[in-house]
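Each remark here refers to the structure printed beneath this line.
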Amino acid sequence: MSREMSTKEVAFVKNNLEKEVDGATLIACYESLVQIRFKRTDYRQLVLSIQFPKEYPDSVLLLEAKSKTIADELLAGIIKVTEEHLQTFKGKPQIVAAARFVRDFIWENRFVVCSEELSYIKKELVNVGDVIKVKQKLGVIQLKAVRNKYNLECKLTVPDNYPGEAVSFVVNSNFPSHLEKVFVGHATEMARQCVEPPILKKKSQAMEFVPKPSLKCVSSYLVEDCLRKYPTERCPCCKKPVLPEEPLTELPPSMAVELVYCGHLYHYDCLDLLMKSPPFGEAKKCLNCGKRIFHEKWNVSAKLMEERWAHQEARKREIDEVTDFLGL
């Protein structure tokens, strides 16, 4: 190692690095160790440790990156591409070049803090026939997934302050429009809960609220729990397919479907018959999972349900008696 060159480079870095590389903060600057912090947000930040190898500057710097918010696998990847970049700087000062390269990577790639979530989407959610496009600088993931003749297109945008701010998304599909609204509403609520503390805290939530990543849970819900599931879902009552084989964004009344709280789909007529038939003493439960059925269209008391049913049965008996009397 050229002692004279390293001494001059350390002196230059000590006096000029923060002016040369916007966003870099010098933590330590000695011939034995140089440490630089890069912070774009509270989540997109890392510390780069630099040492001079014996053959410096004819070989590249020895680099190590640490971060509490960036995955170790990605940190290793950042070091690898930085070392490759420094190959063109052999024989020259390299610290400022390394700092600029790492800074640009952190600043221009919003997926730095969600690399594992993005990897999950690519490996677990994208099947044959699906299409995914990623725009790193914009933090945009465009995903089109298909199941049978149904499709769902989702544009997910990772904000600059992710995961402190929830992922935003736009959905287009050929599912019935009222179901698509339910999908979007539920996914929006999932994303909100990741970044906003609950109004009523439980005893187990006495600690300070910490935002959670929302990209994986939102994308997984839309693709796995909606697109992959419902095209083949069968009505728990009649056991027939709930959705038509040929997608319709607006279903006629005879094909109307309802999504209940537990996530199962019913034909409207089947669910209506289930909710309005005895027994009425206990809350109605889903025939698939056994959970209580919640739905605003049937949000009446068991007593009122029973009275209505009794009235309908009495009316039927009256009609039957008249029919018998007239010999019809």
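The values are calculated or read from the model by the stated rules, or taken from the named source; none is laboratory data. As the structure is a prediction and not an experimental result, all values here were calculated from the model. All Cβ positions, glycine included, derive from the backbone under ideal geometry; neighbour counts span all protein chains shown.
Candidates in segment 194-213 are the residues that are at pLDDT below 95 and outside any loop (DSSP other than H, G, I, E, B); of these, the one that is surrounded by the most Cβ atoms within 10 Å (Cβ to Cβ) is GLN205. Among the residues of segment 179-196, are any over 26 Å from HIS264 (Cα atoms) and assigned by TED's automatic domain parsing to the domain that holds PRO252? Yes, that holds for at least one residue.
Which of the following residues is in contact with a Gly (Cβ under 8 Å, 6 or more places away or on another chain) and either part of a strand (DSSP E or B) or surrounded by fewer than 17 Cβ atoms within 10 Å (Cβ to Cβ) (or both): VAL171, VAL128, VAL134, VAL146? It is VAL146.
Taken over segment 128-152, the criterion of being out of contact with any strand residue (DSSP E or B) (no Cβ under 9 Å at 6 or more places or on another chain) and over 27 Å from VAL112 (Cα atoms) is satisfied by ARG147, ASN148, LYS149. With respect to LEU156, determine if the residue is touching a Phe, Trp or Tyr at 6+ places or on another chain (Cβ under 6 Å), modelled with pLDDT of 95 or more, crowded, with 18+ Cβ neighbours inside 10 Å and not assigned by TED's automatic domain parsing to the domain that holds THR41. When the stated conditions are applied, LEU156 passes them.
Residue-by-condition table, conditions (1) at pLDDT 80 or above; (2) outside the structural domain of ASN127 (by TED's automatic domain parsing); (3) within 26 Å of ASN151 (Cα to Cα):
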{"position": "ASP225", "(1), (2), (3)": "yes, no, yes"}
{"position": "LEU274", "(1), (2), (3)": "yes, no, no"}
{"position": "LYS297", "(1), (2), (3)": "no, no, no"}
{"position": "ARG308", "(1), (2), (3)": "no, yes, no"}
{"position": "ARG315", "(1), (2), (3)": "no, yes, no"}
{"position": "GLU318", "(1), (2), (3)": "no, yes, no"}
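LYS284 meets the conditions (1) modelled with pLDDT of 90 or more; (2) in contact with a helix residue (DSSP H, G or I) (Cβ under 8 Å, 6 or more places away or on another chain) in every case but one. The failed one is (1). Screening LYS133, LYS149 for residues that are free of Cβ contacts under 8 Å to residues at least 60 places away in the same chain and among the charged types (D, E, K, R) leaves exactly one candidate, LYS133.
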